[in-house]
Amino acid sequence: ILGEHLRICPQGYTCCTSEMEENFANKSRSEFEAMMKEAGRSVQMILTAQHRSFDSYFQDLLNKSEKALYDAFPSMYGELYTQNMKVFKDLYSELRRYYRGSNINLEEALNEFWTRLLERLFKLMNPQYHITDEYLDCMVKHAEQHKPFGEVPRDLKVKATRAFIAARSYAQGFLVGSDVVKKVSQVSLSHECTRAIMKLMYCPHCRGMSSVKPCNNYCLNVVKGCLANQADLNTEWKYLMDSLVVVADRIDGAYNVDTVIGTIHMRIAEAISNLQENKDSITAKVFQGCGNPKISTKGSSSEDKKRRGKVPLEAKSSAQALEMLVLDAKGNLTALKTYWITLPGNLCSKKIMASSAADDKCWNGMTKGSYLPEVMGDGLANQINNPEVEVDITKPDMTIRQQIMQLKIMTNRLGNANIGNDVDFQDASDDMSGSGSGDSCPDDVCGKRLSKSPSTRQPETHAIPKQSGHGINGASSRSLPSAFLFLLSVAFIALQHLWR
């Protein structure tokens, strides 16, 4: 029949009614959106599988260290352990909470552990004295110069902090990447794209050419126009993949989590041994600085009970497992780097089943023949002259812009983790306006921070990174310390007062 009633397909002779054309349009839209979600799911599966593998490995490492401590310490230290079991449990609990993303200052948590342990052990090793809380406060103040645990606390704090920061950021990076793909893959097609996809996929049917494949370059122009906003993720997406690769090298290299996390129990045992071996000299120095405590009326218990026997502590290395995890992750991350700009080509060749580039008897949007227009570039700005899809390059998709901001934030976090810095951001998996400062946070999050004890120093807080200066090595230059912002605001208020 004559095709004057058609609104999308060419208006020559056709075998489609208006209702059929509308049905084809709805069908093509739902099929294309399903293709996008399926492609996204495959990437999500890769990223979540990498997260699951590393998370399982890391948690197992921490569990084994804690179990080794619980198994060996009762025999090694007797009352020194049994009466202080909660101190050790609390430490491992805090380490797990930090790794899972809680707003904890790791250095403060470690300092708190050593302080509490020293207070408990000092009282146990001097049962003949009545030691008050005020006396313990004085003793703790002198501890830094006496170094009762030797160099272990300082050394462990440096190494464990770096390892945990790297591990936490690394695990978060996979989740953020997966979340971005999920949200971006669910973006609905515009009206113009629905028409273009219908024309590409089903107008050949209306012309009686159901077996003719779409021309490859024609398909690329349609899909690049429809996925122009998604292609703009490419730059920040590549930075995230590169950042994860660099931090993976740190985890298996300079900040080796197998060596550091797997030996925490051994370092604690080493610290306690240092204290026991130097008990007399340390006690004398404390008495000299804080005075002699009163003799206890309860009498003294036998402090020798604390050590019943020596059980050798070992760290079972899982370095080979870590190496394999990192190698596998790096291979997948490298393969995913170009996902957003190769997506149109993959959809055209594997899902829409476009013809080969050399085919001159393919569907070109009007008839069977060759397709002459050039293929557009990637991204929104390059679609201004797209011959197949009318794209308003002045109106970027806000959902996708928000996800670009999430990628920037996560890349910045990984960049700081690479150099051992802990940066406190609003959770990168949360939706953000994408228009302002990284110092902003929801009331419930800010409320939790304000409710923390004033002695707990917060991690360094950075603003959301700017567009320029990408990459791992430049990560620290992409963020502005909140202290500097505070000084600027004070100066501005002062100037306003002077102007008045």
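A few comments on the model shown:
- Net charge of the neighbourhood of Gly253, taken over other residues with C-beta under 14 Å away and scored Lys/Arg +1, Asp/Glu -1, is 0.
- Ala34 paired with Asp155, simple spin-label distance in nm, labels 7 Å along Cα-to-beta-carbon: 6.2 nm
- When you filter the trypsin sites (Lys or Arg not before Pro) in region 1-102 for DSSP loop state and at most 16 other Cβ atoms inside 10 Å of their Cβ, you are left with Arg7, Arg100.
- Computed FRET value (nearest 0.05) for Arg120 with Arg41, which takes r as the C-beta separation and R₀ as 60 Å: 0.70
- The listed residues Thr14, Thr235 rank as Thr235, Thr14 when sorted by accessible area, largest first, using a 1.4 Å probe.
- Karplus (6.51, -1.76, 1.60) ³J(HN,Hα), θ = phi - 60°, over region 227-232, in Hz, Gly and Pro reported as x: 10, 4, 5, 4, 5, 5
- Radius 15 Å from Cβ of Thr17, net charge of other residues (Lys, Arg +1; Asp, Glu -1): -1
- Residue-wise HN-Hα couplings along region 406-413, as the Karplus relation 6.51 cos²θ - 1.76 cosθ + 1.60 with θ = phi - 60° gives them from phi, are 4, 4, 4, 4, 5, 5, 4, 4 Hz; Gly and Pro carry x.
- In order along region 145-153, phi translates into HN-Hα couplings of 7, 7, 6, x, 9, x, 8, 4, x Hz, rounded to whole numbers, per the Karplus curve 6.51 cos²θ - 1.76 cosθ + 1.60 with θ = phi - 60° and x for Gly and Pro.
- Theoretical gain in end-to-end length, Arg100 to Ala49 [0.36 nm per residue, Cα-Cα removed]: 16.7 nm
- Residues listed by number, region 394-408, amide nitrogen under 12 Å from Gln186 label point at 7 Å toward C-beta: none
- Contour excess over end-to-end distance, with Cα ends at Gln11 and Glu277 and 0.36 nm allotted per residue: 86.3 nm
- Contour minus Cα-Cα distance for Ala254 and Leu372 (0.36 nm per residue): 37.0 nm
- FRET efficiency for the pair Gln128 and Glu323, taken as 1/(1 + (r/R0)^6) with r the Cβ-Cβ distance and R0 = 51 Å, rounds to 0.45.
- For His130, the amide hydrogen comes within under 5 Å of the amide hydrogens of Lys294, Ile295, Ser296, counting only partners 5 or more places away or on other chains and with H modelled in the peptide plane.
- FRET efficiency, Ala381 to Ser349 (Cβ-Cβ, R0 35 Å, nearest 0.05): 0.90
- Inter-label distance for Glu22 and Ala357, nm, one decimal - labels placed 7 Å from Cα along Cα-to-Cβ: 4.1 nm
- Cα-Cα over 21 Å, subset of Lys159/Lys285; Lys147/Lys285; Lys183/Lys224; Lys37/Lys183: Lys159/Lys285
- Shape call, region 1-136: gyration tensor on alpha carbons, a/c limit 1.5: prolate
- In terms of the mean number of neighbouring beta-carbon atoms within 10 Å, the peptides 106-117, 390-401, 371-382 order highest first as 106-117, 371-382, 390-401.
- Rough spin-label spacing in nm, given labels placed 7 Å along Cα→Cβ, for Ala335 and Asn63: 2.8 nm
The values are calculated or read from the model by the stated rules, or taken from the named source; none is laboratory data. Remember, it's a predicted structure, so these values are computed and weren't measured experimentally. Here the Cβ is made from the backbone with ideal geometry for all residues, glycine too, and neighbour counts use every protein chain on show. Surface accessibility is based on the protein's heavy atoms, side chains included, excluding ligands, DNA and RNA. Shrake-Rupley method; radii C 1.70, N 1.55, O 1.52, S 1.80 Å.
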